[in-house]
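The values are calculated or read from the model by the stated rules, or taken from the named source; none is laboratory data. Source: prediction; values computed, not measured. Cβ atoms come from the backbone with ideal geometry, glycine included; neighbour counts cover every protein chain shown. Heads up: the accessible areas ignore ligands, DNA and RNA and are worked out on the full protein's heavy atoms, side chains in. Shrake-Rupley method; radii C 1.70, N 1.55, O 1.52, S 1.80 Å.
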Amino acid sequence: NIDKRGTNPMPETIETIALKRQKWVEANEENGFEKGLRRLLTDLYPDNAHFLYELLQNAEDARAQEVRFILHEDRIEFEHDGERLFSINDVDAITSIGFSTKRDDATNIGKFGVGFKAVFAYTKTPEVESGEFHFRIRDMVVPEVDGLSRSPAADKQTRFVLPFNNPKKPQDRAQNEIETLLRALDATTLLFLTHIRKIEYLLPDSSLGYIERNDLGNNRFEILLQQPNELATTPTWFMKFDKKVQVEDEEAENESQKMKSCRIALAFGLSPVEVKADAKGKKKRDVDTAPEWELIPMEPGRVCIYFPADKETSNLRFHLHAPFASTVARDSVRDC
């Protein structure tokens, strides 16, 4: 990718990226590496439908406020209103292995460069539409635009379409696994995110669920949980404290990048204090007018690396987020 003078690199395009990736695919096939690499990358994510967190991570890093999953019998769609749309560098990164545009930014969640590869356990041809780009990915790394047309909505949102066409994952199984994880999303999913305020999901039976975070002021937050086919929402309240800390990055390539400013946060459970009995002797809770709140224990207290690290236990009675070095699957802390 060098110009005729042999000095300045020519601008990348989807076509030039696809050409380089195709050569890599053909070399792997010639050496018999293709199946092993595919198995290695997809086996990094042991949890069913874990890729949903990769999509949420992409939206959070793009500074999205609202995201939406739409689950069909043969595919899942994901869209968000992130202010940062795809650039050609993002196309390059999402079709790469081990490269990420977010690796050196300690404020971003997605720094591993292999996270998006988790979708290939469910699909062979994921599609991305964002900004000026609409492309699908084949053979895990090759972007292509054949037969795709960009919609006007791409000017304002990013959209992923994942058809369930991996022969090792039947469509009904894919749908059931994803629906199970969507229904399992809870208040801690949103608790330590900075930008995303609402996660909404639509199931194949047209039932709707969502999680929504509201700022009540004075470090207090309300998170509403709406389960599909239920009439009432379930509120949970937290008092959350954040602080920036300097963390030494053991994987920094040079001294200037060794110390990074990262965020830690603690979230305590809250409950509004009951108001005094009225003239008729009745008591009620009123979140808007409650003069006081009481702390309640979180049992168990969750360990989070932005999202909950399900395999970690703190034995604390509050939720904790810290810039731990996580496994690629983000379910536990690496030994380092």
Problem set entry | Qualifying positions in segment 238-261 - modelled with pLDDT of 90 or more and crowded, with 17+ Cβ neighbours inside 10 Å | Phe238, Met239, Lys240
For this session: Within segment 175-215, work out how many residues are surrounded by 19 or more Cβ atoms within 10 Å (Cβ to Cβ) and farther than 19 Å from Pro228 by Cα.
Result: 4
Exercise. Restricting segment 308-326 to residues that are at pLDDT 90 or above, closer than 15 Å to Lys243 by Cβ and assigned to a loop (DSSP other than H, G, I, E, B), which is least open to solvent (accessible area, probe 1.4 Å)?
Worked result: Ala322
For this session: Only residues that are modelled with pLDDT of 90 or more and crowded, with 17+ Cβ neighbours inside 10 Å: list them for segment 139-158, please.
Result: Asp139, Met140, Val141, Val142, Pro143, Glu144, Gln157, Thr158
Exercise. Could you count how many residues in segment 189-225 are within 19 Å of Tyr53 (Cα to Cα) and of a type in the set (S, T, N, Q)?
Worked result: 2
